[in-house]
Amino acid sequence: MREHATATHPPVEQFHSAVYGTVFGRRMEAVHRLHAGDSLILVPDPPGTDNPAVWVHAAGGDVVGHLPFAVSGWLVPWMLEGGRCRARVQRVEADDVASWKRVIVHLTLAAL
């Protein structure tokens, strides 16, 4: 694993992450439709965003939430340079689980 990530060299090839921000707006409706193994769409914020995030969308396009900023900090530039990331639902916990650990995704990065 690299100590400092760059846009062309992400620190990992596969990892799991929680999805943050699932409780805002009508996002919980999308969360309730998710099942383990479902494909997700990842969309990075555009260049010039002050605190860029990678947004997680359900297959139909509904926003589920975003990846943690510690991940987005290196993943956004990498994706904007052409890197691709496949995301699938690892698990969805019940509503009584804290929102910041309710949806866990598995991400696989494809080399540039």
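The values are calculated or read from the model by the stated rules, or taken from the named source; none is laboratory data. Quick caveat: nothing in here was measured; it's all calculated off a predicted structure. We place every Cβ from the backbone using ideal geometry, glycine too, and count neighbours over all the protein chains shown.
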- State yes or no: is Gly60 surrounded by fewer than 18 Cβ atoms within 10 Å (Cβ to Cβ) and either within 19 Å of Met28 (Cβ to Cβ) or modelled with pLDDT of 95 or more (or both)? yes
- Task: Check Pro44 against each of (1) closer than 14 Å to Thr22 by Cα; (2) touching a helix residue (DSSP H, G or I) at 6+ places or on another chain (Cβ under 6 Å) and name the one condition it does not meet.
- Result: (1)
- Query: Quick one: would you say Ala110 is within 14 Å of Glu13 (Cα to Cα) and at pLDDT below 95?
  - Reply: yes
- Task: Could you identify the single residue in Trp74, Trp55 that is closer than 13 Å to Leu107 by Cβ, surrounded by 16 or more Cβ atoms within 10 Å (Cβ to Cβ) and not acidic (Asp, Glu)?
- Result: Trp74
